[in-house]
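Everything on this sheet refers to the single structure shown next.
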Amino acid sequence: MKRWEDIYFYPSKTTLEFTGEINSNSVLIKGEKHILIDPGVSRRWEGLKGAIAADGLDPMDIDLIFCTHCHPDHADAAVGAAREFKADLLMSMAELDFLTSGGDRFYLRTPSGEEIPKGVIEVPDASLFKRGYPGPLFHGGREYRLYLTPGHTPGGCCFHWPDRGFLATGDVYFKGTIGSIELFGSNPGDMYRSVNLLGGLRDVEKVVCGHGPEIDGRDDVIRNYDLLFAEIAQKKAKGIL
Ligand SMILES: [Fe+2]
């Protein structure tokens, strides 16, 4: 659904019945050619394409797919989608290295703690990559910025559109809490630095997180950082971070 001008938000639950399977939120940045951020799980892919088409956008016009990180709930559909649309795929080189050195050791749990099938994502073929990053991203006459934000995973990245005050955080943080720092490849010290880095982006007023609700308005963005830094202080006091 259109959430802000040229920014379409597809919350995970709109295209997948809850089955215990984790899925991420997705975002489409509308332009001459579109950018899709975090295509999610493969099983949801047809549903997501349908939702995009229902918004009057042609999924075939997606020419760039950006994955905030390699966890399958965000990136499972990425390689197939990039091939289908002949789109470029962006994931940080640090994350790609992580993926190819054990980063696929990620399994999903139901809310009651049961393990469900391990998520495995296809390692992208080098030809799908536009280039390594982070750094500025020039696409369709616009400038976006990509930040390396490790902590949840070693090569996680966030997507920033300064002109519109938009930020996609992946699993660095959500509304009310920081992302998990207890997974294989997580690093609490890096997470602290990454939240700090994002907190320093003073123009941000629209945030889509990897899971859960969006954050709308500068006041809510600031309030959310207050919560995140309080959580970080608590975790530091307990020696977790
Ligand atoms: Fe994740």
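Here are some notes:
- Subset of Lys33/Lys235; Lys30/Lys235; Lys2/Lys86; Lys86/Lys235 violating a 32 Å alpha-carbon distance limit: Lys33/Lys235; Lys30/Lys235; Lys86/Lys235
- Annotation: peptides 203-211, 167-175, 139-147, 41-49, ranked by per-residue average of other Cβ atoms within 10 Å with the highest first, follow the order 167-175, 203-211, 41-49, 139-147.
- Here the Karplus curve 6.51 cos²θ - 1.76 cosθ + 1.60, taken at θ = phi - 60°, turns the phi angles of region 144-152 into couplings of 10, 10, 10, 10, 6, 10, x, x, 7 Hz, with x standing for Gly and Pro.
- Computed label-point distance, nm, for sites Phe229 and Met1 using a 7 Å Cα→Cβ extension: 3.3
Computed from the coordinates by the stated procedures, all read-outs in this text should not be read as laboratory data. The model shown is predicted, which means the values in this text are computed figures rather than measured ones. Neighbour counts run over all protein chains shown; Cβ positions are idealised from the backbone, glycine included.
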